[in-house]
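Read the structure below first, then the notes.
What follows is calculated from the coordinates using simple rules that are stated; it is not laboratory data. Note that the coordinates shown come from a computational prediction; the quantities given were computed from them, not determined experimentally. Reconstructed Cβ throughout: ideal geometry from the backbone, glycine too, with neighbour counts over all protein chains shown.
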Amino acid sequence: MAMTDEHAVPEDDLDGHTMEELADYLDRGRTPYEPSIERSAACRLALDGMRRLSQLSASSLQQQADRDPGRDEGWISGLLDIIKSEIRSGRDVPISHPDGALRLALTEAAVRGLIRRAGDTMPGALVGRCALEGDVAVPGAPVRVVVSCSLTFGEPLAAMADRLRQRIAAALAEHTELTIEAIDVHVDDVLPPTEGDA
């Protein structure tokens, strides 16, 4: 339910911090240590997403800017907006435990973080939007994973998409008990190769 009074949480509030504050903190090398950021799961997910985005090579981003002036800033802003929207905790994803009195769960944001990490650590890929369709809160309910991604030019797209599906499936099988019905991969952008690539 949306809050409408003066106590409403700002849209970009992440446990008391904004994306701009987190970007500054990351630029400073996460020093001095800020406990309120480092102890917040939402802030850590945002920092992780920003760090992966910053690891894109400068030459690749420059080539994109040269090819399509004005696109570079909008493209990065778009990815940051996606990251910001996905780090909200979302629904609880239950995990079984032998002791029936214990209730364990991952947040939906943590699961999206697993999916994003599986893709972003694959050479030549960068995950954009990530969604979990289905009732993740009900054990055994079928869930469809929908991911958009950018792939490096020159790579075989079908093979890369299959590899990305396999990596996502493996990460979810290892860390969750979700019943994955399908993993849809949509390639919505092609990144130019870096100068050192063939």
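A few comments on the model shown:
- Residue order, fewest to most beta carbons within 10 Å, for R44, R39, R30: R39, R30, R44
- Using a Förster distance of 22 Å, the FRET efficiency for R103-R39 (Cβ separation, nearest 0.05): 0.50
- Our note on the geometry: Cα centres of the range 23-52 and the range 174-192, 26 Å apart.
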